[in-house]
Amino acid sequence: MRRIALLTSGGDCPGLNACIRAVVRTAKFYGIEVFGFRRGFKGLIENDYILLDYKTVAGLLQRGGTFLLTAREDRFKDRIFRELAYNNLKALSVDALIVIGGNGSFQGANLLQKEFDLNMVGIPKTIDNDIYGTEYAIGFDTAVNNAMDAIDKIKDTTLSHERVFIVEVMGRDSGFIALEVGIATGAELTLIPEYPSPLHVIEETLINSKKIGKNFAIIVVAEGVASGKDLANLLRERLKDKGIEEIRYTVLGYIQRGGSPTAYDRVMASKFGYFAVKKLVEGERNFMVSFENGRIGIKPLEVSFGRVRVPDLEEYQLNNILSM
Ligand code: F6P
């Protein structure tokens, strides 16, 4: 193993820079050169890269986003562009490509591996934390903490004005962020796509809550369930005769995905990056780094394909019990 290429692909998240730094420093430790491709697979196609050394990754650990830049690149679905990418890597005599990305990026990487027999490594990252085959993906903890901080602030108004606040959080089709944030903020209701709550249950919860003298509520809704705005409009309309009119909504949006990574994300990103290079040095091929039962390991890249991780039913039930 003499040379590796590295890229970040898909949506940015906190911890990517920490992971890049860990990959580069571990590689340097083993005497390996690292080429960082900019804007993910786009950079691979366009041969846009920089040589990464100790100095280029200094001062990065605590910064959000990705200094290598990232993009979603549709051209990679086309074999002609994958061949272009492979030729660029071959010209640099690269022995392996490390992709810090999500499920879609791993599948793109896997095609490259199958067609051109390139050694591919996936390091999981997504604030949604729904990559199958790993219990943790870089960025999740920071996103949850960002959302929790925001909801704690919203709660001041919720309590002071005795209102219902609907807070829409990210997650695409997954409810991990909503569920974790719901528990962490004591939300009265948490709505996630994996375990749908009928509308009448949502209404009854708010009505019963008012009956026992609780004149406020926070509803955390995952974006995969409904938009905060639509849900607020619907509930306002349906509950106006029940004396529940003060319903507001907030969309947390991209503040969840930005900012300095938490200690947990810095540490996990560093470990994932270190582990990926170490396993390559040990001769492993075509794997993704995974975290399971408190341990970091590796799995075949294909494990994550066509499936997503879903939250534990008991955790969802626990949240419902605690929120009453
Ligand atoms: O997958 C991460 C994520 O932030 C999702 O939670 C969200 O739905 C999506 O990316 C937004 O993607 P984009 O910034 O490309 O619109």
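Worth pointing out:
- Filter result for I98 (closer than 17 Å to T8 by Cα, assigned by TED's automatic domain parsing to the domain that holds K42 and in a strand (DSSP E or B)): yes
- Among the residues of segment 228-249, those that are open to solvent by 40 Å² or more (accessible area, probe 1.4 Å) and assigned to a strand (DSSP E or B) comprise R248, Y249.
- Qualifying residue in segment 37-51 (condition: buried (at least 20 other Cβ atoms within 10 Å of the Cβ) and aliphatic (A, V, I, L, M)): yes
- Flag if L7 is assigned by TED's automatic domain parsing to the domain that holds V277, of a type outside the set (V, I, T), within 26 Å of E135 (Cβ to Cβ) and open to solvent by less than 10 Å² (accessible area, probe 1.4 Å): yes
- Taken over segment 158-178, residues that are open to solvent by 10 Å² or more (accessible area, probe 1.4 Å) and either closer than 29 Å to I138 by Cβ or assigned by TED's automatic domain parsing to the domain that holds I127 (or both) amount to 5.
- Conditions (1) touching a Ser or Thr at 6+ places or on another chain (Cβ under 6 Å); (2) over 21 Å from R63 (Cβ atoms): number failed by E282: (1)
- Enumeration of residues in segment 53-70 that are more than 17 Å from G258 (Cβ to Cβ) and either part of a loop (DSSP other than H, G, I, E, B) or without any contact (Cβ under 8 Å) to a residue 24 or more places away in the chain (or both): D53, Y54, K55, A58, G59
Rundown of residues vs (1) polar (S, T, N, Q); (2) in a helix (DSSP H, G or I), yes/no style:
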site	(1), (2)
T158	yes, yes
R172	no, no
I177	no, yes
E180	no, yes
A184	no, yes
A187	no, no
T190	yes, no
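- From the list E245, E292, E302, E284, the lone residue that is under 30 Å from L112 (Cβ atoms), modelled with pLDDT under 95 and of a type outside the set (A, V, I, L, M, F, W, C) is E302.
- Only one entry in G59, G65, G31 is within 17 Å of A269 (Cβ to Cβ), out of contact with any helix residue (DSSP H, G or I) (no Cβ under 8 Å at 6 or more places or on another chain) and open to solvent by 10 Å² or more (accessible area, probe 1.4 Å), namely G59.
- Unique residue being within 15 Å of the ligand (Cβ to nearest atom) and open to solvent by 10 Å² or more (accessible area, probe 1.4 Å) when the list is V225, V181, V220: V225
- Test: D141 is under 22 Å from T66 (Cα atoms), part of a loop (DSSP other than H, G, I, E, B) and within 16 Å of the ligand (Cβ to nearest atom): no
- For segment 68-112, filtering for residues that are aromatic (F, W, Y) and open to solvent by 30 Å² or more (accessible area, probe 1.4 Å) leaves 2.
The values are calculated or read from the model by the stated rules, or taken from the named source; none is laboratory data. Remember, predicted model here, so these are calculated numbers, not experimental data. Reconstructed Cβ throughout: ideal geometry from the backbone, glycine too, with neighbour counts over all protein chains shown. Surface accessibility is based on the protein's heavy atoms, side chains included, excluding ligands, DNA and RNA. Shrake-Rupley method; radii C 1.70, N 1.55, O 1.52, S 1.80 Å.
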